[in-house]
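The values are calculated or read from the model by the stated rules, or taken from the named source; none is laboratory data. Quick caveat, the model's predicted, so the values are computed rather than measured. Note: ideal-geometry Cβ built from the backbone for every residue, glycine included; neighbour counts use all protein chains shown. For accessibility, only protein heavy atoms count, side chains too; no ligands or nucleic acids. Shrake-Rupley method; radii C 1.70, N 1.55, O 1.52, S 1.80 Å.
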2 protein chains.
Amino acid sequence: MELYDIIIIGAGITGYAGAVYAGRLKLKTLVIGKERGGIIVTTDVIENYPGFKSITGAELAAKVREHAMEYRDNVKFVDDIVERIEKRKGCFIIHTESRKEYRAISVLYATGTKHKKLDVPGEKEFFAKGVHTCGLCDGAFYKDKIVAVVGGSDSAAKEAVLLTQWAKKVYIIYRKEKIRAEPANMEKIDEKIKEGKIEIINNTNIKEIIGDRFVKRVVLDRPYKGSVDFPVNGIFLSVGIIPISDLAHEIGIDVNEKGEIIINRYGETNLPGFFAAGDVTDKAFKQAITGVGDAVSAVYSAYNFTKQRGRDMSMCDGCNRKIDECVRLHNR
Amino acid sequence: MELYDIIIIGAGITGYAGAVYAGRLKLKTLVIGKERGGIIVTTDVIENYPGFKSITGAELAAKVREHAMEYRDNVKFVDDIVERIEKRKGCFIIHTESRKEYRAISVLYATGTKHKKLDVPGEKEFFAKGVHTCGLCDGAFYKDKIVAVVGGSDSAAKEAVLLTQWAKKVYIIYRKEKIRAEPANMEKIDEKIKEGKIEIINNTNIKEIIGDRFVKRVVLDRPYKGSVDFPVNGIFLSVGIIPISDLAHEIGIDVNEKGEIIINRYGETNLPGFFAAGDVTDKAFKQAITGVGDAVSAVYSAYNFTKQRGRDMSMCDGCNRKIDECVRLHNR
């Protein structure tokens with residue numbers, strides 16, 4: 001059983017950036033995560049990571065992963081899913097889906113977010129058969145078809161613009177009055193509206209999703225052009241994201257009302273040794289670059305934490321020897 | 001007289017990254033600064049900006065600047081030096097060296113740092129004639145010569161390693177016992193010591209710098225190999241940095257005992273509308289990537305500030321009309 005200085009939970013761009021620094025700081029590091037690159041991989045073009053005028057999400061994630069791989073003397077990666085975190089006096093024990101157990105003095109929790117669902121009849125049944133959460137992944141199936149993006153955020157706007165390259169018509173179905181995209185993206189929406197490729201249906205919700213093998217139509221809660229029956233081939237959900245904070249919450253990490261992990265500017269949580277960064281936190285402005293910057297700060301905090309505390313505290317299983325000796329015993 | 005939504009003071013990588021986002025958010029933006037790229041331009045190889053395994057400081061700065069130039073519809077750059085900031089009720093007036101005056105609703109202060117000096121006889125006299133602050137800029141003049149790096153920080157270590165490619169011998173003169181470099185850089189130092197290219201003289205200060213047209217030798221405060229007289233051709237100062245915060249301090253921005261601007265995690269200072277990011281702030285871990293991430297957060301805060309406050313407050317010169325009208329008057 002090895003003892004790591006830091007285990008990074010989450011193999012997204014935030015976790016990878018943390019790994020770059022952990023490696024440089026010569027921390028014995030393990031990155032655990034199955035969704036390589038994280039949610040950013042589902043993003044088409046990223047134009048706002050300073051240094052890259054335009055790059056796909058997948059390319060950017062791959063670049064930062066490769067960057068972290070430069071430090072593979074100190075940094076290991078495992079494709080696995082964390083199922084439970086156990087907090088011991090001197091460390092954290094991470095239990096994974098494949099029944100492995102890893103131990104570390106500190107944790108960087110960078111699990112990111114997942115998509116919210118609508119929670120309406122038909123959604124589960126037609127998931128991946130007409131109901132999707134990633135235009136980039138599944139948009140090409142809808143060449144010359146009619147699709148709807150559900151939501152009114154900047155992400156929804158980007159998703160709609162992206163889908164116009166395949167679909168003959170993209171509807172944005174939004175429960176409120178006015179969508180709120182980043183100004184640069186709002187311009188693109190306005191252009192597409194002028195071209196007749198995008199149309200916004202506001203103040204409207206989807207009540208039900210209906211089809212046979214695939215989605216055929218949805219039922220709206222308000223008539224559109226005289227009918228609540230609305231024919232559509234594909235539905236792309238962009239109704240928000242949920243921070244994946246449950247495992248942290250279970251061991252007493254404070255979260256806010258949205259479920260986001262509360263951190264300070266050093267990436268510290270309420271529990272010493274447990275750090276967090278990226279979209280899973282209560283960061284006001286969630287961007288690839290802010291997650292990356294915060295991961296670097298958090299790893300620096302973890303570095304100071306392990307330096308201060310790491311080498312003279314008792315071990316995970318209550319080993320009372322000096323830690324080096326305990327580590328040797330563990331590593332047998 | 002134009003009114004900007006935001007003026008970014010400082011044309012370093014932090015300011016440029018702020019400009020990328022300010023441009024994307026369609027803020028009317030002005031970047032003022034003369035030292036294009038900032039202090040990072042004096043750095044040889046950067047291996048810790050996630051996404052770029054290895055890039056020179058000058059290249060990275062140029063990339064982020066070019067990135068910001070993509071938004072030149074909204075972002076203007078002027079090569080000038082800010083001399084004074086004036087705070088009015090509704091805005092900030094920026095006075096520059098070339099007698100220009102610019103007005104803005106908000107400010108991002110990203111001026112960075114400058115090098116500390118030794119403050120010993122001969123230092124001023126021989127500045128740029130043997131006394132330097134940038135190995136990358138001036139190291140090549142010392143091919144097969146003897147140089148000394150003064151300082152014991154990570155920057156000093158990097159500087160020493162860099163200089164070995166030209167100098168036949170690099171001494172590190174450090175006032176304390178043990179230099180403290182990032183582990184990855186410490187390894188490089190140890191290699192060079194083994195090769196006989198680097199030697200550390202610890203617990204020692206330079207008392208005086210002596211030469212004719214150029215530096216010939218220094219006087220140490222403790223004998224080295226039996227003498228306080230130490231022959232050296234070039235001296236590279238790496239004794240620390242000073243935040244360039246004076247102009248902000250003058251208008252009442254809170255700074256800490258090091259002179260660093262105190263910010264919160266949103267990039268806010270104690271003065272509404274006045275934001276700061278990068279090396280000039282009290283950020284614990286000062287890196288290119290953390291400055292960039294924080295600039296993005298700060299610009300987002302500025303965006304919210306201008307949205308909330310910008311469009312109905314009275315103008316810089318006390319114009320009591322609605323702001324659009326005032327702006328129109330100003331722009332005549």
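A few notes on this one:
- For the range B:235-249, 3J(HN,Hα) per residue [Karplus equation, 6.51 cos²θ - 1.76 cosθ + 1.60, θ = phi - 60°, Hz, x = Gly/Pro]: 10, 10, 7, 9, 9, x, 10, 10, x, 8, 10, 4, 5, 6, 4
- Relative contact order (%) - criterion: Cα under 8 Å, at least six apart; region: chain A: 20 percent
- Taking the longest Cα principal axis of chain A as reference, the axis of helix A:154-163 is set at about 60 degrees.
- Cβ charges +1 (Lys, Arg) and -1 (Asp, Glu), total dipole of the range A:92-136, debye: 100 debye
- Surface share of carbon and sulfur [accessible, 1.4 angstrom probe, percent] for the range A:131-237: 49 percent
- Ranking A:VAL107, A:HIS132, A:PRO121 by Cα position along the charge dipole of the range A:98-146, where only Lys, Arg, Asp and Glu carry charges on their C-beta atoms, puts A:VAL107 farthest toward the positive end.
- Bridge orientation summary for chain A: considering DSSP beta bridges with both residues in this region, about 45 percent are antiparallel.
- Nearest-to-axis residue in chain B, judged by Cβ distance to the rotation axis that brings B onto A and given in whole Å, is B:GLY293, 1.
- 19 Å Cα-Cα reach of A:LYS143 towards aspartates and glutamates, excluding residues that sit fewer than 8 places from it in its own chain: A:ASP44, A:GLU159, A:GLU195, A:GLU199
- Heavy-atom accessible area, 1.4 Å probe, ligands and nucleic acids excluded: residues of the range B:24-57 down by at least 40 Å² from chain alone: B:ARG24, B:LYS26, B:GLU47, B:ASN48, B:PRO50, B:GLY51, B:PHE52, B:LYS53
- Oblate is the label for the protein assembly as shown, because a/c, from the alpha-carbon gyration tensor with a ≥ b ≥ c as root eigenvalues, is 1.5 or above and a/b does not exceed b/c.
- Sorted shortest first, the separations between the B:ILE81 label point and its copies elsewhere in the assembly read 6.0 nm; each point sits 7 Å from Cα along the Cα-to-Cβ line.
- Dipole magnitude of the protein assembly as shown about its Cα centre (Cβ charges: Lys, Arg +1; Asp, Glu -1), debye to nearest 20: 320 debye
- Distant-in-sequence amide contacts of A:ILE241, defined by a placed amide H-H separation under 5 Å and a gap of 5 or more residues or a different chain, comprise A:LYS116.
- Close amide H pairs (under 5 Å, H built 1.01 Å from N) link A:GLY273 with no residue at least 5 positions away or on another chain.
- Rounded if a/c under 1.5, otherwise prolate or oblate - the range A:131-237, Cα gyration tensor axes: oblate
- About the centre of its Cα atoms, chain A shows a dipole size close to 240 debye [charges on the beta carbon of Lys, Arg (+1) and Asp, Glu (-1) only; nearest 20 debye].
- Prolate/oblate/rounded label for chain A (Cα gyration tensor, a/c 1.5): prolate
- Computed P(r) (all Cα pairs; the range B:76-125; 10 Å bins; percent): 20, 38, 21, 16, 4
- Cα-based helix-to-principal-axis angle, B:288-309 vs chain B, degrees rounded to 10: 20 degrees
- Other copies of A:LYS207: label-to-label distances in nm, shortest first, labels 7 Å along the beta-carbon direction: 9.2
- Restricting the chymotrypsin sites (Phe, Trp or Tyr not before Pro) of the range B:151-217 to loop positions (DSSP other than H, G, I, E, B) with no more than 15 neighbouring Cβ atoms within 10 Å leaves B:PHE214.
- Furthest towards positive pole of dipole, A:VAL170, A:ILE262, A:LEU25, structure part the protein assembly as shown, Cβ charges: A:VAL170
- Structure note, pairs A:LYS258/A:LYS286; B:LYS168/B:LYS194; B:LYS116/B:LYS176; A:LYS89/A:LYS307; A:LYS116/A:LYS158; B:LYS63/B:LYS117: Cα-Cα distances above 21 angstrom occur for B:LYS63/B:LYS117.
- Ranked from shortest, the separations from the 7 Å Cα-to-Cβ label point of A:GLU250 to its equivalents in the other copies are 5.8 nm.
- Accessible area that becomes buried as A packs against B, both chains, 1.4 Å probe, Å², nearest 100: 3900 Å²
- Residues with amide H under 5 Å from that of A:ILE200, placed H, sequence gap 5 or more: A:ILE172
- Each residue of the range B:103-113 was assigned a 3J(HN,Hα) from its phi angle through the Karplus expression (A = 6.51, B = -1.76, C = 1.60, θ = phi - 60°), giving 10, 8, 6, 9, 10, 10, 9, 9, 8, x, 9 Hz with x at Gly and Pro.
- Accessible surface calculations at 1.4 Å, restricted to protein heavy atoms, place the protein assembly as shown at 45 Å² per residue.
- Measuring heavy-atom accessible area with a 1.4 angstrom probe and counting protein chains only, the residues of the range A:178-210 that give up at least 50 Å² relative to the chain alone are A:GLU182, A:PRO183.
- For the range B:62-77, Karplus couplings with θ = phi - 60° (6.51, -1.76, 1.60), whole Hz, Gly/Pro x: 4, 5, 6, 4, 4, 4, 5, 5, 4, 10, 5, 4, 10, 10, 10, 10
- Protein-only accessible surface order, largest first, of B:ARG24, B:ARG175 at 1.4 Å: B:ARG175, B:ARG24
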